[in-house]
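Comments concern the structure below.
Quick note: the coordinates plus some simple rules give every number you see, no bench work behind them. The structure presented is a predicted model; accordingly, all values stated were derived computationally and were not measured. Heads up, the Cβs are rebuilt from the backbone with ideal geometry, glycines too, and the neighbour counts pull from every protein chain shown.
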Amino acid sequence: MSIPCLAPHEDQRQRGRIGGSVFSALLGAEATGGQPTVGRFDAGRGEAPPLPVHNDEDEVFLLLSGSAPVRAGDEEHELQEGGIVFLPRRVPHGCRITSEKADLLLISAPGGPQKMFRHTGRDLREPRPEGFVIPAQLLTEAAELSGSVVLGPAR
């Protein structure tokens, strides 16, 4: 087996996400044979994804900078810089950025959530269209591609 090792920005498809967040697939499922995906979010204050449930993968969020409350099921934890949280599959979860900016590392096992981000995102080489919004139907389709369900808007 070949060990995947990518240089910065090598084969990293950066995509726009909800609002102004940027997701970078640092190590996608394609590179790991379907095993973990490692990605990074660059997000601003107020950014929050819709409330998802992942049926097929567990996730770990590591907050590299910033602050964000994270909900998992009925629990809420305030993540600060360096904070880490495990989000098991089949548990609804989400977060909302409360600092001016945040840098969040996402590890998902098995890999695959980048399919959702690629389906809903936009290529950052193109200018962001005025009033860019991802339609709810596109979010639903994208979630289904990765074995997830969108339960509703961010909390």
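Observations on the structure shown:
- The Cβ shell under 12 Å around Asp58 holds other residues with a net charge of -1, Lys and Arg each +1, Asp and Glu each -1.
- Length gained on full extension, Gln80 to Glu126, computed as 0.36 nm times the residue gap minus the Cα-Cα distance: 13.3 nm.
- For the range 20-153: Kirkwood Rh in Å [reciprocal of mean 1/r, alpha carbons]: 15.0 Å
- Between Asp58 and Glu141, residue separation times 0.36 nm minus the direct Cα-Cα distance comes to 27.9 nm.
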